[in-house]
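Participant: Input: one structure, supplied below.
The numbers here are math on the coordinates, done by the rules we state, and not lab data. Fair warning: this is a prediction, and the values are worked out from it, not measured in the lab. Cβ placement follows ideal geometry from the backbone for every residue including glycine, while neighbour counts extend to all protein chains displayed.
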């Protein structure tokens, strides 16, 4: 994951400046505070999907809610909603190995949204997908993020995906350049 995304998500410490996520300055948080921030207010979508192979799609989506000790009824309802949002309601009982790459990435997106994060950080979420599937996943990500009211930070090298962004920032020679 890019350095900026790692810092915003509380995985790395910034060298300088301030990082504020959902009203909380990260520099003031200890390990427990950072853990709670990552669990409750930041969702991560990794290039490699990061699904647990022995769990079903539904169980993978429910993992963050289990860590938060969410009520089982609430968890089931949320998992069902998220799998429907990403178009995988019929694949809830399938394990990652039984799903295509695009389906696995959609499960990863649903899992990242399980705890209703304020910020979703996606590191090359289409990097392991063909161009057509990658575009479909990005369009889905954009729609789901909007329906859930989440801010998304997406790192990509795929110039074709930039048209889907509301705002494009580029790190070039250590400087931040805004394209729109």
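Participant: What number, in percent, do you get for the relative contact order of the chain if the mean sequence gap of Cα pairs under 8 Å and at least 6 apart is divided by its residue count?
Facilitator: Contact order relative to length: 23 percent.
Participant: Among bridges DSSP assigns within the chain, what percent are antiparallel (round to 5)?
Facilitator: Around 40 percent antiparallel, to the nearest 5.
Participant: Among 111, 132, 142, determine the one that fluctuates most according to a GNM of the chain built with springs between C-alpha atoms less than 10 Å apart.
Facilitator: Top of the fluctuation ranking is 132.
Participant: For the range 32-104, calculate the relative contact order in percent as a whole number, restricting contacts to Cα pairs under 8 Å that are 6 or more residues apart.
Facilitator: Once normalised by length, the contact order is 40 percent.
Participant: Still on this structure, please answer the following. Normalised by the residues of the range 111-180, what does the relative contact order come to in percent, with Cα pairs under 8 Å and at least six apart?
Facilitator: 30 percent
Participant: Please label the shape of the range 44-107 as rounded, prolate or oblate, based on the square roots a ≥ b ≥ c of the eigenvalues of the alpha-carbon gyration tensor (a/c under 1.5 means rounded; beyond that, a/b larger than b/c means prolate, else oblate).
Facilitator: In terms of gyration-tensor shape, prolate.
Participant: Of 155, 131, 114, which is the most mobile in a GNM of the chain whose springs link Cα atoms less than 10 angstrom apart?
Facilitator: 131
Participant: Please rank 39, 75, fewest neighbouring Cβ atoms within 10 Å first, as an exposure proxy.
Facilitator: Placing the least packed residue first, the sequence is 39, 75.
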